[in-house]
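Participant: Mind looking over this structure? Questions follow.
The values are calculated or read from the model by the stated rules, or taken from the named source; none is laboratory data. Computed from a predicted structure; not experimentally measured. Cβ: placed from backbone, ideal geometry, glycine included. Neighbour counts: every protein chain shown. Surface accessibility is based on the protein's heavy atoms, side chains included, excluding ligands, DNA and RNA. Shrake-Rupley method; radii C 1.70, N 1.55, O 1.52, S 1.80 Å.
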Amino acid sequence: MTPDTEGRRGGRQQKRSLLTRDALLDAAAREVDAHGYGAVAMHHIAKAAEVTTGALTFHFPTKGDLFAELTELGLARTRERAEDVARLPASPLRRISLLVLALLELLHRDVVVRAAVRLARELPEVADASEAYLPLSRELLREAGETGQLREGVTPDAVTEMIQYLVAGAEVCARGNTSTPENADTARAHFTALRDLLLYGVSAVLPPGRE
């Protein structure tokens, strides 16, 4: 076998390995989303991913290893989305408004994110999932308050707590969801209404037109 042939073969094997790893993370996310940490066994995940238990333990020797990576992946996606919205050229209240909508949509369509939030809630040793977006939320709300965009008597801390409850509720309501283009549009309209009720009910400015 030539070096080029060995290289191509190695590349194919690496690609298959990565695909298997992705399939296992996706299967684990769906199992956690539907049943929670305590009810999920490694052989359930292997079966859902259509691989052997040996293939699963090759990539993730323990359940803890698998769920640690799953949690980090979900929180990383949340953090990345929050940072993208926070960089938009808009007023602080507008950016926090778009951030809340983005979080609700992410929970609706991304089972990995939902699973990470559930794992963070069910496992005390896992980092609080809200820390993936709360620091940015607090900063934007502080700026909104300093620029007169919040009603008198409304504090950034109170609004931050309301956002946490809304996001937590969205994760529960979206559990077991299978998103389609049709219900994605319905969900967006629903989330936009909830977001506006939350944020523009406490603001000193009127909401813009629907996104």
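Participant: Is there any pair linking a residue in region 148-173 that is exposed (fewer than 15 other Cβ atoms within 10 Å of the Cβ) to one that is of a type in the set (Val, Ile, Thr), with Cβ under 7 Å and at least six apart or on different chains, and which?
Facilitator: Hits for this filter: Arg151/Val202.
Participant: Let me ask something additional. Quick one: which of Ser137, Ser130, Ser91 is in contact with a Ser or Thr (Cβ under 6 Å, 6 or more places away or on another chain) and either open to solvent by 30 Å² or more (accessible area, probe 1.4 Å) or touching a residue at least 24 places away in the same chain (Cβ under 8 Å) (or both)?
Facilitator: Ser137
Participant: Pull up region 127-179, narrow it to residues that are among the polar types (S, T, N, Q) and not in a helix (DSSP H, G or I), then point me to the one that is farthest from His35 (Cα to Cα). Even if it seems obvious, please write down each step before you answer.
Facilitator: Our first condition is that a residue be among the polar types (S, T, N, Q); within region 127-179, this holds for 130, 137, 147, 149, 155, 160, 164, 177-179.
This time we only want the ones that are not in a helix (DSSP H, G or I), so: 147, 149, 155, 177-179.
Working: Thr147: 45, Gln149: 42, Thr155: 37, Asn177: 13, Thr178: 15, Ser179: 18 Å.
If we take residues in region 127-179 being among the polar types (S, T, N, Q) and not in a helix (DSSP H, G or I), then Thr147 is farthest from His35 (Cα to Cα).
Participant: Tally the residues that are over 13 Å from Val167 (Cα atoms) and either assigned to a helix (DSSP H, G or I) or more than 16 Å from the chain's Cα centre (by Cα) (or both), restricting the search to region 98-115. Let's see the steps before the verdict.
Facilitator: First, pick out the residues of region 98-115 that are over 13 Å from Val167 (Cα atoms): 98, 109-112, 115.
Going one step further and asking which of them are either assigned to a helix (DSSP H, G or I) or more than 16 Å from the chain's Cα centre (by Cα) (or both), we end up with 98, 109, 111-112, 115.
Of the residues in that region, 5 qualify.
Participant: Further question on the same structure: Mind listing whichever residues of region 132-161 are at pLDDT 90 or above and among the acidic types (Asp, Glu)?
Facilitator: Result: Glu139, Glu143, Glu146, Asp157, Glu161.
Participant: Which of the residues belonging to region 62-88 are more than 23 Å from Met162 (Cα to Cα) and open to solvent by 40 Å² or more (accessible area, probe 1.4 Å)?
Facilitator: Quick first cut of region 62-88, residues more than 23 Å from Met162 (Cα to Cα) only: 62-73.
Listed by number, the residues that qualify are Thr62, Lys63, Gly64, Asp65, Ala68, Glu69, Glu72, Leu73.
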